[in-house]
1. Please state which one of A:GLY174, A:GLY143 is buried (at least 22 other Cβ atoms within 10 Å of the Cβ), within 14 Å of another protein chain (Cβ to nearest Cβ) and of a type outside the set (A, V, I, L, M).
2. Before we move on, is A:GLY214 at positive phi and touching a strand residue (DSSP E or B) at 6+ places or on another chain (Cβ under 6 Å)?
3. Can you tell which of B:GLY109, B:GLY95 is modelled with pLDDT of 95 or more and in the same structural domain as B:TYR58 (by the TED database)?
4. Considering (1) farther than 15 Å from A:LYS180 by Cα; (2) within 7 Å of chain B (Cβ to nearest Cβ); (3) not small (Gly, Ala, Ser), say which one A:MET118 fails and leave the rest.
5. Out of all the residues in region A:159-171, which are among the small types (Gly, Ala, Ser) and either within 10 Å of chain B (Cβ to nearest Cβ) or under 14 Å from the mean Cα position of the chain (by Cα) (or both)?
6. Which one of B:VAL258, B:VAL310, B:VAL275 is within 14 Å of another protein chain (Cβ to nearest Cβ) and of a type in the set (A, V, I, L, M)?
7. Would region B:72-87 turn up any residue that is over 19 Å from B:LEU26 (Cβ atoms) and out of contact with any helix residue (DSSP H, G or I) (no Cβ under 9 Å at 6 or more places or on another chain)?
8. Just to be sure, is B:LEU268 outside any loop (DSSP other than H, G, I, E, B), in the same structural domain as B:GLU70 (by the TED database) and in contact with a Gly (Cβ under 8 Å, 6 or more places away or on another chain)?
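The values are calculated or read from the model by the stated rules, or taken from the named source; none is laboratory data. No experiment lies behind these values; they were computed from the predicted model shown. Here the Cβ positions follow ideal geometry from the backbone for every residue, glycine too, while neighbour counts run over all protein chains shown.
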Amino acid sequence: MAAAAGALRRLVRCGPQQGLGRRLQLRSGIHGSAPAAVQVTVRDALNQALDEELERDERVFLLGEEVAQYDGAYKISRGLWKKYGDKRIIDTPISEMGFTGIAVGAAMAGLRPICEFMTFNFSMQAIDQVINSAGKTLYMSAGMVPVPVVFRGPNGASAGVGAQHSQCFAAWYGHCPGLKVVSPWSSEDAKGLLKASVRDDNPVVMLENELMYGVPFEMSEEVQSKDFLVPIGKAKIERQGTHVTLVSHSRSVGHCLEAAAVLVKEGVECEVINLRTIRPMDVESIEASVVKTNHLITVEGGWPQFGVGAEICARIMEGPAFNYLDAPAVRLTGADVPMPYAKILEENCLPQVKDIIFAVKKVLNI
Amino acid sequence: MQTIRRMELKSDQLYKQKIIRGFCHLYDGQEACCVGLEAAINPTDHLITAYRAHGYAYTRGTAVREILAELTGRKGGCAKGKGGSMHMYAHNFYGGNGIVGAQVPLGAGIALACKYFGKDEICLTLYGDGAANQGQIFETYNMAALWKLPCIFICENNRYGMGTSVERAAASTDYYKRGDYIPGIRVDGMDILCVREATKFAAEHCRSGKGPMLMELQTYRYHGHSMSDPGISYRTREEIQEVRSKSDPITLLKDRMVNNSLSSVEELKEIDVEVRKEIEEAAQFATTDPEPPLEELGNHIYKNEPPFEVRGPSQWIKYKSVG
């Protein structure tokens, strides 16, 4: 009974991010069984994924700054050092280029490292190791040397952390053949993608979002299973619609769903696609949706030039969906400036729900 | 050593005939290093180096014909022609790395895996005097020492980082001391027995769990930095000639063997004849083997992935990709 009540309390507290159209299945506590689905924050989902994969495969280990004794800068690895010890959970000095190279070398020699960047801004110091050492080696060696490493950490804007700590790297890493790049939104995404990334034999960049860490989502029984994986390279339709396709990744998916909830009252049905993977991108899902809705809007936190939305627009132009567009595709992105600190400025540097609603109406000419 | 010497000279020839293109960094003069190191370790140990890697590709088990065919960009190359001079790999040999210094953290990572698996293996992590000033190497020293990784850091000091002499590049040219808290030794890299014995010592140190060691091999390259560099604008012909006449690694070993009646001049000549034959055959293969088929372009993007399509220069040109 207590477990069910607890789940109910968490449900009441959580916001619209959990997704429309889902229903929490609560079995009555009278029979003394736990609810089939539970509310799990993105942080806990990541923690579970790490725990499960560490347990499953001896070769998996985690390294990064503060991941062990501090329980993780953002507490993603809470409890893991206590459980697995120094061999599997390794605190590194502040040496991104060095420890990233060490992670890549370990992967080349048969281990399966998870390399945490405290934020992806710091990965810029190590980007040579990610791209040149990890991304290209399988190709240069004609298949002889695989590099099964996962690079993960928070990406993009947080809240009030200033320009040097707010950059989105989806376009940078998404640009490079040899890498896989994933970007979870929900807890299900986070857990399933992290597990899939660890089990993938290729270098995977996993772009999390700090502001999503504390957000709870419903996780069904199936998702709670230790074998639940989210396939890399497949987008998910979070909300079916008929009038316009909203394509997004990471935190912006939630904004799209919020916008859709407002627009439905005016009779506009938005189809919301959660990319889940930046590279290889599931263009087919976007195309199928555009063929249906005839209108496309991309939404992301990164800068506009040479970004994820730009790539989507180009690919749509090249494919069958182009002929089904009733209006040019539209991109919503971060503002084309370094991220300012003041709250009012920062807020206006990212696409907000009102911007999405405005764009939908523009594109539909209503 | 003789095989490597002849192989590098053949590469020089092929490059001048424009049959080899792009970057080509030759190892002649430094043979005592790669052969001496290999003699002191096991095939189950690991090794990684930078771009002057042809010698190591050979000592780590790649056939000369596969090395030359990789240089000429043919499908029979050790990387199917997709890597080139700087990206040759073999079992427990991780290249062949083009970015100066990047191989050093990689090597420490391999050493971490050695320690993790507990199989008594070590990793030899090589870099040059130029790379020795890279920040990531110092980051690596720190972590290797902190975590007692079984890594031998080896600086092949051939006195010049491209066109910059060591005196002009480093405030301290005592490269064996640059590891600070990591014990270091300076070794005559032209004397193959010195290299072998020093490496045995360092390997024992690492295998016993004492942590990393540093070895500076004082050596010399006869060629310029690469085939684009004649190698005489920053050093004198006299200097090169002096090293050749007084410190050539092959001559040093030959003399030692002959003077100690370990071998006769005739026996050594026989080796030379065989080596020349091997190199000629390998060069013949490398110049006649076909280039990789165009289909190879898309392969080896991902490992263990169902086949997928890779985009070519336009949306209408697609390549199939298998791992």
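1. Going through A:GLY174, A:GLY143 in turn, just one is buried (at least 22 other Cβ atoms within 10 Å of the Cβ), within 14 Å of another protein chain (Cβ to nearest Cβ) and of a type outside the set (A, V, I, L, M): A:GLY174.
2. no
3. Working: B:GLY95 fails: modelled with pLDDT of 95 or more.
Answer to the selection: B:GLY109.
4. For A:MET118, the exception is condition (2).
5. Listed by number, the residues that qualify are A:ALA170, A:ALA171.
6. Just a single option satisfies the conditions, and that option is B:VAL310.
7. No, the conditions are met nowhere in region B:72-87.
8. When the stated conditions are applied, B:LEU268 does not pass them.
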